[in-house]
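The values are calculated or read from the model by the stated rules, or taken from the named source; none is laboratory data. Remember, predicted model here, so these are calculated numbers, not experimental data. With ideal geometry, Cβ positions are generated from the backbone for all residues, glycine too; neighbour counts draw on all protein chains shown. The accessibility values were calculated without ligands, DNA or RNA, using every heavy atom of the protein model including side chains. Shrake-Rupley method; radii C 1.70, N 1.55, O 1.52, S 1.80 Å.
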Amino acid sequence: MHIEYRTSGPIGPEAVSGLFAKAGLRRPIGDLERIRRMIDHADELFTAWDEDRLVGLIRAVTDYSYCCYISDLAVDRDYQGHGIGKQLVRLLKDKLGEEEIQYVLTSTTKAAGFYERIGFEKADKAYVIKRKSN
């Protein structure tokens, strides 16, 4: 398996929707217009490809000086366990740095161990106003 990481280039909502489904993420996979907006309005987007197959993605919103919110980290289930998610986080951190920026994300219970293994610390003071529709 040879994975190619990309930082730019066109990516369609169909590919992202398919990846979200294959990764088991709860996202609006049937709403391609909404996924298009998610892609277009991300400040940072890195992808992982196995030839022409999208197998990983990290999407982030940041002010480039204090905080970076990782909106999505998705890896196709068939490719999990091969370091792709870790490499996508590394690419983001390499670009933005670690001195001034704090990285924040929400996680499912199932994925919490992965995030802890790659250096995230659990925070207990997060608050949300939940969206009315997924």
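Pairs needed: first member in the range 13-29, of a type in the set (D, E, K, R); second member anywhere, surrounded by fewer than 19 Cβ atoms within 10 Å (Cβ to Cβ) and assigned to a loop (DSSP other than H, G, I, E, B); C-beta distance under 8 Å; at least 6 residues apart or different chains.
Note: pairs meeting the criteria are 26/134; 27/134.
Can you find a residue in the range 45-62 that is outside any helix (DSSP H, G or I), surrounded by fewer than 18 Cβ atoms within 10 Å (Cβ to Cβ) and among the small types (Gly, Ala, Ser)?
No, that holds for no residue.
Would you tally the residues in the range 89-134 being hydrophobic (A, V, I, L, M, F, W, C) and either in a loop (DSSP other than H, G, I, E, B) or open to solvent by 100 Å² or more (accessible area, probe 1.4 Å) (or both)?
Looking only at that region, the number is 9.
Mind checking which residues of the range 46-74 are under 24 Å from residue 123 (Cα atoms) and within 11 Å of the chain's Cα centre (by Cα)?
57, 58, 59, 60, 61, 69, 70, 71, 72, 73, 74 - these are the residues of the range 46-74 that are under 24 Å from residue 123 (Cα atoms) and within 11 Å of the chain's Cα centre (by Cα).
Just to be sure, is residue 86 over 14 Å from residue 3 (Cβ atoms) and either touching a Pro at 6+ places or on another chain (Cβ under 9 Å) or of a type in the set (Lys, Arg) (or both)?
no
Out of all the residues in the range 21-29, is one or more open to solvent by 60 Å² or more (accessible area, probe 1.4 Å), over 22 Å from residue 112 (Cα atoms), modelled with pLDDT under 95 and touching an Asp or Glu at 6+ places or on another chain (Cβ under 9 Å)?
So far as the range 21-29 goes, no, none of its residues is open to solvent by 60 Å² or more (accessible area, probe 1.4 Å), over 22 Å from residue 112 (Cα atoms), modelled with pLDDT under 95 and touching an Asp or Glu at 6+ places or on another chain (Cβ under 9 Å).
For the range 63-74, how many residues are open to solvent by 20 Å² or more (accessible area, probe 1.4 Å) and in contact with a helix residue (DSSP H, G or I) (Cβ under 6 Å, 6 or more places away or on another chain)?
Adding up the residues that qualify gives 1.
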